[in-house]
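Quick notes on the structure that follows.
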Amino acid sequence: MEPVRLTRYARGGGCACKIPPGELERMVAGLGPTGGTTELLVGLDHGDDAAVVRLDERTGLVSTADFFTPVVDDAYDWGRIAATNALSDVYAMGGTPLLALNLLCWPREVLPLELAREVLRGGQDVARAAGCHLAGGHSVDDDGPKYGLAVTGVVRPEELITLDAGQAGLPLSLTKPLGVGVLNTRHKATGESFPEAVATMTTLNRDAARAAVAAGVRCGTDVTGFGLLGHASKLARASGLTVALDAARVPYLSGVREAVRDGYVSGGSRRNLEWVSPWTDFGRVGEDDRLLLADAQTSGGLLVAGELPGATVIGELLPRGERMVLVR
């Protein structure tokens, strides 16, 4: 096969193609539980990473689905990134993924099926590394390629990590550097490759989640399409606290600032910044740093209320003030 630039078939890349957070909140407003036969532990209330129902006193069932358009041109890498990102929703809840199903949309008359097979192979290899069964799924003929997983996992109810369990005085830690959004935008525009970004996006959050559970962390989320500021603001609102971020301590991938300087900022990142600005005090933080803090991540790290080995402490939780997010 001749090389195919998959990102040219995507309006947005990766988690940057999400419906903007403000629009999403309005869309799901008023939609509540449907009254199932099991106890719903986590639902739509705060926009947590996955839904959880109680099976018994010791077991909660975690369920999530995540798929998106190509974020890189290499089909195998895209499959790995999408699968890693989908599994992350279970890890972000403190759980362990057990079973996943493929979700594939493919323009079968435009792109060869051999490429689709490479996407699926990437997802299979990540699921294997995670110790998660990947069995079947669903596919449709579509105008553009999209891939992801529906994932089922388990969690101990007393070890659940949620957005609303924050406590004032706790530090905030980030387990992966930021910046994959602007690097992926540059990749889409120029074809330049960024192996460090791919390596970050294909690193499972499994070890970070295990460390968080072992450390007694009960509040957290993963950082994906709404950017650090967007996910931090959801945590602040759910917990009724103020998130204070130290912009100087936030880690970034190499080449990120150059990408912002050269204008490689996605529309999703700019919408993230616009959404959080009304309740964010930026102090003296400049425009480039604001855009990076709002950068739409794909398969990002965990943001947790607590300290973890190898993670960077980037802020703390404060009692609720006039602003929900304070950037210093």
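Bear in mind these aren't lab numbers, they're just calculated from the coordinates by the rules spelled out. Just so it is clear, the structure is predicted and the values come from calculations on it, not from any experiment. Note: ideal-geometry Cβ built from the backbone for every residue, glycine included; neighbour counts use all protein chains shown.
So the values come out like this:
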item	result
Within the range 107-207, trypsin sites (Lys or Arg not before Pro) in DSSP loop having at most 15 other beta-carbon neighbours inside 10 Å	108
Rounded if a/c under 1.5, otherwise prolate or oblate - the chain, Cα gyration tensor axes	oblate
Residue order, fewest to most beta carbons within 10 Å, for 139, 233	139, 233
Cα gyration tensor shape of the range 255-300, rounded if a/c is under 1.5, else prolate or oblate by comparing a/b with b/c	oblate
Positive dipole terminus of the chain, leading residue within 220, 133, 31 (C-beta point charges)	220
Theoretical FRET efficiency, 1/(1+(r/R0)^6), r = Cβ-Cβ of residue 31 and residue 129, R0 22 Å, to 0.05	0.05
Cβ-based net charge around residue 191, under 13 Å, with every Lys or Arg adding one and every Asp or Glu removing one	+1
In the range 86-193, GluC sites (Glu not before Pro) in a DSSP loop with at most 16 other beta-carbon atoms within 10 Å	109, 192
Two-site label geometry, residue 262 and residue 248: point separation in nm, points 7 Å out along Cα→Cβ	2.9 nm
Residue with peak Gaussian network fluctuation, the chain [Cα springs, cutoff 10 Å], from 48, 295, 281	281
Dipole in debye (nearest 20) - the range 1-103, about Cα centre, beta carbon charges: Lys, Arg +1; Asp, Glu -1	260 debye
In Hz, Karplus ³J(HN,Hα) per residue of the range 79-96 (6.51, -1.76, 1.60; θ = phi - 60°; x = Gly, Pro)	x, 5, 5, 5, 5, 4, 5, 5, 4, 4, 4, 6, 4, 5, 8, x, x, 10
Residue-wise HN-Hα coupling along the range 216-225, computed from phi with Karplus coefficients 6.51, -1.76, 1.60 (Hz; x: Gly, Pro)	x, 5, 10, 10, x, 6, 9, 9, 10, x
Gyration tensor (alpha-carbon) shape descriptor, the range 17-105, a/c threshold 1.5	oblate
Total charge dipole magnitude, the chain, about the Cα centre, Cβ charges on Lys, Arg, Asp, Glu only, Debye to nearest 20	260 debye
³J(HN,Hα), Karplus 6.51/-1.76/1.60, whole Hz, each residue of the range 228-240, x for Gly, Pro	4, 5, x, 6, 5, 5, 5, 5, 4, 5, 5, 8, x
For the range 170-319, size of Cβ-based charge dipole, Lys and Arg +1, Asp and Glu -1, in debye	320 debye
